[in-house]
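Q: One structure coming up, written as structure tokens, with questions to follow.
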Amino acid sequence: MRNLIAGVTQFQNKTYPQMQPRFEELATGQSPDALFITCSDSRVVPELLTGSDPGELFVIRNAGNIVGTKDEADLGVAATIEYAVKVLKVPQIIVCGHARCGAMQGLLNPSAVESLPEVAKWVSLSAEALNDTSDDSDDDRLTQLIQANIRLQLRNLMTFPEVAEGVESGTLQLHGWLYDFVTGKVSVVSLGSSQFVEPVAQMA
């Protein structure tokens with residue numbers, strides 16, 4: 001097993017001194033570029049994926065990058081969205097799903113999570129996304145479901161008054177990303193669109 005304490009020691013002795021001016025700047029406050037909502041999967045590393053430094057991303061992570069509607073949302077998720085939009089005034093929210101997502105596999109195959117009642121309950125919040133899949137091969141349908149779940153969470157974000165107000169006023173943009181950690185590719189979808197496109201550079 002990787003020695004995490006050794007990693008902390010390396011950070012303190014090497015990385016932190018190199019970035020000390022940035023951390024001192026952040027001591028006075030933060031102004032992140034985005035609220036980044038993604039999966040807890042250890043293969044997804046938001047800062048690595050986006051090339052972001054400390055202070056540039058405000059992050060929510062949970063199984064399946066699930067938001068839920070305003071009435072369904074976990075208190076921690078709802079509070080973080082509220083703070084990001086109303087206090088930090090982030091200019092964009094990104095919902096980032098990923099290839100081979102275990103949470104979406106559980107939603108697609110309920111028998112796989114029968115022994116995990118809390119997981120089953122959580123992923124059921126995305127059950128609506130199943131309606132946007134067809135009975136192709138399991139792999140194809142899983143990819144469809146991952147994409148549909150991203151689109152669903154973008155719609156769910158619009159049930160939060162502060163998010164809807166920001167979008168309608170033009171101060172906030174919503175984007176969906178699909179990250180394939182095997183190839184390193186990212187495709188994007190906008191609110192109200194069904195088509196994922198590449199590359200990220202095309203995103204406004």
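Q: Starting from 0 in steps of 5 Å, tell me what percent of the Cα-Cα pairs of region 95-195 lands in each bin.
A: Result returned by the calculation: 2, 12, 21, 22, 19, 12, 7, 3, 1, 0.
Q: Turning to a different aspect of this structure: What value, in deg cm²/dmol to 500, does the helix sum -39500 (n - 2.57) over DSSP H runs of n ≥ 4 give at 222 nm once divided by the residues of the chain?
A: -11000 deg cm²/dmol
Q: Can I ask one more? Relative to the longest principal Cα axis of the chain, at what angle does helix 138-157 sit, 0 to 90 degrees, rounded to 10?
A: 60
Q: Counting only DSSP beta bridges with both residues in the chain, tell me the antiparallel percent, nearest 5.
A: Around 30 percent of the beta bridges assigned by DSSP in the chain are antiparallel ones.
Q: Shape call for region 116-163 from the C-alpha gyration tensor, a ≥ b ≥ c root eigenvalues: rounded (a/c under 1.5), prolate (a/b greater than b/c) or oblate?
A: Oblate, since a/c reaches 1.5 and b/c is not below a/b.
Q: While we're here: Of Val189, Val113, Val95, which is the most mobile in a GNM of the chain whose springs link Cα atoms less than 10 angstrom apart?
A: Maximum among the listed residues: Val113.
Q: With a 1.4 Å probe and all protein chains in place, put Ser115, Ser126 in order of accessible area, largest first.
A: Ser115, Ser126
Q: If you count only protein heavy atoms and use a 1.4 Å probe, how large is the accessible surface of Leu191, to the nearest 10 Å²?
A: Accessible area, nearest 10 Å²: 60 Å².
Q: Taking every pair of alpha-carbon atoms in the chain, what share in percent sits in each 10 Å bin, from 0 to the bin with the longest distance?
A: The percentages, shortest bin first, are 8, 32, 34, 19, 6, 0.
Q: Separate question: If you count only protein heavy atoms and use a 1.4 Å probe, how large is the accessible surface of Lys89, to the nearest 10 Å²?
A: 140
Q: Heavy-atom accessible area of Phe58 with all protein chains present, probe 1.4 Å, nearest 10 Å²?
A: In the full protein context, Phe58 sits at about 40 Å².
The values are calculated or read from the model by the stated rules, or taken from the named source; none is laboratory data. Since this is a predicted model, take the numbers as computed values, not measurements. Side chains included, ligands, DNA and RNA excluded: accessible areas come from the protein's heavy atoms. Shrake-Rupley method; radii C 1.70, N 1.55, O 1.52, S 1.80 Å.
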